[in-house]
Amino acid sequence: GGGGGGGGGGGGAAPAAAPAAEAPPPDTPPPSKTTFNVFLESFGEEKVKVIKEVRTLLNLGIKEAKAAVESAPANLSPKEGLPKEDAERWKQVLEGVGAKVKLT
């Protein structure tokens, strides 16, 4: 087997002397990216297999799945995106049948 690694975070120092006229920034951290889009760059050699997987993942009919795959490069995930685990699973499944996928 083998595992993946995690990402790290960066941070910048805020300037010490902010002009008094400016309102202080809200102290909410920027939202970390929790949802991802699964972007099909190309379906590769095994289009039929890719269509089958897309159909399963998206719960589509065969015509809709075929249209989605043939519109590559295209975003396959719902417009609100997918949780990281799901997006990575989709990517793995689709790459397993020869598609080129990136998470955006």
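Below, the figures for the structure above:
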| read-out | value |
| --- | --- |
| Amide H within-cut-off set for residue 101, under 5 Å, with H built and near neighbours excluded | 41 |
| Members of 49/100; 52/91; 33/91; 66/100; 47/79 lying beyond 20 Å, as alpha-carbon distances in this model show | 47/79 |
| Quarter of the Cα convex hull surface for the stretch 41-104, i.e. its orientation-mean projected area (nm²) | 3.7 nm² |
| Gain in span if fully extended, residue 42 to residue 79, counting 0.36 nm per residue against the direct Cα distance | 11.4 nm |
| Mean accessible surface per residue for the stretch 47-96, computed with a 1.4 Å probe while every protein chain stays in place, in Å² | 65 Å² |
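The values are calculated or read from the model by the stated rules, or taken from the named source; none is laboratory data. It should be emphasised that the depicted structure is a prediction, and the values quoted were computed from it without experimental measurement. Please note that ligands, DNA and RNA were not included when accessible areas were found on the heavy atoms of the full protein model with its side chains. Shrake-Rupley method; radii C 1.70, N 1.55, O 1.52, S 1.80 Å.
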